[in-house]
1. Projecting each Cα onto the charge dipole of the chain (Lys/Arg +1, Asp/Glu -1 at the beta carbon, about the Cα centre), which of ALA138, THR66, GLY125 comes out farthest on the positive side?
2. Quick one: dipole size for the chain, taken about the Cα centre, charges +1 on Lys/Arg Cβ and -1 on Asp/Glu Cβ, in debye to the nearest 20.
3. Could you compute the net charge surrounding VAL55? Neighbours are other residues with a C-beta less than 12 Å from the C-beta of VAL55; K and R count +1, D and E count -1.
4. Provide the per residue accessible area, probe 1.4 Å, for the stretch 54-157, rounded to a whole number of square angstrom.
5. On the protein heavy atoms, probe 1.4 angstrom, tell me the percent of accessible surface of the stretch 1-64 carried by carbon and sulfur.
6. Please give the FRET efficiency for PHE164 paired with THR43, using the beta carbon to beta carbon distance and R0 = 45 Å, rounded to the nearest 0.05.
7. What's the long-distance tail for the stretch 86-166, i.e. % of Cα pairs beyond 19 Å?
8. Cα convex hull of the stretch 18-146: how many Å³ per residue?
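The values are calculated or read from the model by the stated rules, or taken from the named source; none is laboratory data. If you're wondering where the values come from, they're calculated on a predicted model, not measured in any experiment. Don't worry about glycine lacking a Cβ; one is built from the backbone with ideal geometry, like all the others, and counts go over all protein chains shown. The accessibility values were calculated without ligands, DNA or RNA, using every heavy atom of the protein model including side chains. Shrake-Rupley method; radii C 1.70, N 1.55, O 1.52, S 1.80 Å.
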Amino acid sequence: VSVTVSSTPDATFSYANASYCANATDPSPVFGSGANGGVFSSTAGLTINSSTGVVDLSASTPGTYTVTNSIAAVGSCPADSKTTTIEVDALPVVALGAFNDVCVYNAAFALTGGSPAGGTYSGTGVSAGNFDPSLVSAGSTITITYSYTDPTSTCSNTATNTIFVDACLGLD
């Protein structure tokens, strides 16, 4: 007589975090001791790999979703199904207005035009929110980046624009 002993399926799972920004690394399910994956599904709007449970954050619509892991019955062992929730947070909408050309000998000036307010500027020649043309070569086009982190979701996004630094040596 041959006897096969199967363990009762355990579909218990979670994700490392309750919420993720849309541009974060795609999360995989985390299984408890003895638990494993079956077929993953979710409510509409969440893009999920049905075999692995990996969530494609950038392809998903921001919102809160219920994810289900279903393991079919095996032999005389019953089926198991467990759920968890996961939230996909939208990235903040960030913009940066255009800059005027500047002369290499102009004094440093405060950068403006980034929205929403409260972000930071970075790039060559940028320090503490100011741009100093004398720190770059004449004839250069410098990319300025405005970064903003939403205080509620902690999701970040950026916008860029350029400043042309002219030698301003000739007469028009």
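1. Going by the charge dipole, the pick is THR66.
2. Taking the Cα centre of the chain as origin, the dipole is about 400 debye.
3. Spelling it out: positives minus negatives among the neighbours equals -3.
4. 52
5. Solvent-exposed carbon and sulfur of the stretch 1-64 make up 51 percent of the total.
6. That gives a FRET efficiency of 0.35.
7. Working: 1240 of 3240 pairs.
Of the Cα pairs, 38 percent sit more than 19 Å apart.
8. Details: hull volume 19.2 nm³, N = 129.
Considering the Cα atoms of the stretch 18-146, their hull volume per residue is 149 Å³.
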